[in-house]
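Undergrad: This is the structure I want to talk about, given as structure tokens.
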Amino acid sequence: MILNSIVFEPGNLDGIIYLILLILLGPPLFLAIIGFILFKTKSRKAGKIFFILAGVYLVVGLGICGALMAGF
């Protein structure tokens, strides 16, 4: 019985913060880079759409991941 409780005790959970930050900031940064590349080429409309997608993903990610990091 004691062995089972030792297995389920968490150790150092610092990596979860980095994972949440990666999920929070990674895709918007990637979408913004793609949007910048498309905006500088001929397809300016597609670049604007990627910028909007990056902004929406960042706002949603700040809401969800921010709530997870705050402990709610």
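Undergrad: Filter segment 24-72 down to the residues that are small (Gly, Ala, Ser) and outside any helix (DSSP H, G or I), then identify the one that is surrounded by the most Cβ atoms within 10 Å (Cβ to Cβ). Step through it out loud before you land on a result.
TA: First, the residues of segment 24-72 that are small (Gly, Ala, Ser): 26, 32, 35, 43, 46-47, 54-55, 61, 63, 66-67, 70-71.
Imposing the further condition that a residue be outside any helix (DSSP H, G or I) reduces the set to 43, 71.
Numbers: Ser43: 13, Gly71: 5.
Among those residues, the one meeting the criterion is Ser43.
Undergrad: Is it the case that segment 3-20 has a residue that's at pLDDT 90 or above and not aliphatic (A, V, I, L, M)?
TA: The answer is no; no qualifying residue exists.
Undergrad: Consider only pairs whose beta carbons are under 7 Å apart and that are at least six residues apart or on different chains; among these, list those whose first residue lies in segment 31-44 and is modelled with pLDDT of 90 or more and whose second residue is among the hydroxyl-bearing types (Ser, Thr, Tyr) and surrounded by 11 or more Cβ atoms within 10 Å (Cβ to Cβ).
TA: Here the result reads Leu31/Tyr57, each pair linking segment 31-44 to a residue that is among the hydroxyl-bearing types (Ser, Thr, Tyr) and surrounded by 11 or more Cβ atoms within 10 Å (Cβ to Cβ).
The values are calculated or read from the model by the stated rules, or taken from the named source; none is laboratory data. Owing to the predicted nature of the structure, the values given are computational and were not obtained by experimental measurement. Methodologically, a virtual Cβ is constructed for each residue, glycine included, from the backbone with ideal geometry; neighbour enumeration extends over all protein chains shown.
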